[in-house]
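See structure below.
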Amino acid sequence: MTREEALFLLKKHVKTDRVLRHSLAVEAAMMAYARKFGEDEHEWGLLGLLHDIDFEAYPDEHPHHAPELLKDTDLDDDFIQSILSHGSHSSIPRDTKQRQCLHAVDEMASFIIAVALMRPTRLEGLKAKSVKKKMKTKTFAKAVDREELVASIEPLGIEFAEHVDIIVKGLMEHEAKIQKEGYSLLG
Ligand SMILES: [Fe+2]
Ligand SMILES: [Fe+2]
């Protein structure tokens with residue numbers, strides 16, 4: 001599946017800017033981690049882009065309907081299982097680097113963007129310190145589980161500050177690229 005095909009399919013099922021932007025942000029973060037670990041950037045990017053494809057149609061059952069929305073594609077079973085593994089009560093183990101990364105960047109990518117939107121320079125120069133500060137501010141993005149943000153990084157063996165750096169860099173690179181296509185991670 002090409003990225004264009006994936007984006008086309010995603011937009012068939014995702015109509016809000018919020019979910020579309022989140023998908024693009026997780027795509028960016030997954031590509032950054034694929035580079036970091038020497039993995040397949042294209043595949044990891046597609047996983048980020050498509051992981052919430054059933055979220056709008058089935059908010060309460062997400063991600064369990066992703067397989068049916070992706071059934072006419074050439075995505076393999078492992079890819080589909082990786083999508084299923086990111087659900088909060090998933091019975092699919094997060095037993096690969098790819099699944100651990102998806103879990104670790106899912107909420108964090110959007111949290112970082114929320115932090116960036118409060119800064120005049122946006123993502124430029126955004127460091128872990130600012131992210132930590134906002135994590136301590138309970139009223140900021142209060143739906144995000146702070147403990148989970150931290151716990152999800154553990155299986156990767158990456159420090160919090162590096163995690164933030166990898167994602168920020170990935171988001172900035174992706175932002176420059178997708179702006180040319182008429183999208184933005186930053187609204
Ligand atoms: Fe999700
Ligand atoms: Fe997500």
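Read-outs: derived from the displayed coordinates by stated rules, not from any lab. The structure presented is a predicted model; accordingly, all values stated were derived computationally and were not measured. With ideal geometry, Cβ positions are generated from the backbone for all residues, glycine too; neighbour counts draw on all protein chains shown.
Once the chain from Gln81 to Thr2 is taken as fully extended at 0.36 nm per residue, the excess over their C-alpha distance is 26.5 nm. PRE reach from His89 (point 7 Å along Cα→Cβ): which of the stretch 55-72 fall under 13 Å by backbone N? Counting backbone N atoms under 13 Å from the label point, the list is 60-64.
For a modelled paramagnetic label at Leu117, 7 Å from Cα along Cα-to-Cβ, the residues of the stretch 124-164 in reach, with backbone nitrogen under 19 Å, are 124-127, 130-146. Kirkwood hydrodynamic radius computed over the chain comes to 16.5 Å, based on all pairs of distinct alpha carbons.
In order along the stretch 44-52, phi translates into HN-Hα couplings of 5, x, 4, 4, x, 5, 9, 4, 10 Hz, rounded to whole numbers, per the Karplus curve 6.51 cos²θ - 1.76 cosθ + 1.60 with θ = phi - 60° and x for Gly and Pro.
A helix-only calculation puts the chain at -18500 deg cm²/dmol for mean residue ellipticity at 222 nm, using -39500 (n - 2.57) for each DSSP H run of at least four residues, averaged over all residues. Extension gain, Thr73 to Lys177, is 34.9 nm, computed as 0.36 nm per intervening residue step minus the present C-alpha separation. For the stretch 1-38, the list of GluC sites (Glu not before Pro) that fall in a loop by DSSP and count at most 15 other C-beta atoms within 10 angstrom is empty. In this simple spin-label approximation, Ala151 and Tyr58 carry label points 7 Å from Cα along the Cα→Cβ vector, and these lie 2.5 nm apart. Once Rg and the Kirkwood radius are both taken over the C-alpha atoms of the stretch 24-80, their ratio Rg/Rh works out to 1.01. For the stretch 130-187, GluC sites (Glu not before Pro) meeting the loop criterion (DSSP other than H, G, I, E, B) and having at most 11 other Cβ atoms within 10 Å: Glu159, Glu181. Other residues within the sphere of radius under 14 Å centred on the Cβ of Thr96, judged by their own Cβ, net out at -4 (K and R +1, D and E -1).
Could you pull out the trypsin sites (Lys or Arg not before Pro) across the stretch 125-187 that fall in loop regions by DSSP (anything but H, G, I, E, B) with no more than 16 other Cβ atoms inside 10 Å?
In loop regions of the stretch 125-187 (DSSP not H, G, I, E or B), the sparsely surrounded trypsin sites (Lys or Arg not before Pro) are Lys127, Lys138, Lys142, Lys180.
Taking 0.36 nm per residue of sequence separation and removing the Cα-Cα distance, the Ser184/Lys132 pair yields an extension gain of 16.3 nm.
For the cross-link pairs Lys11/Lys71; Lys36/Lys97; Lys127/Lys169; Lys12/Lys177; Lys129/Lys169, the ones whose C-alpha atoms lie over 18 Å apart are Lys12/Lys177.
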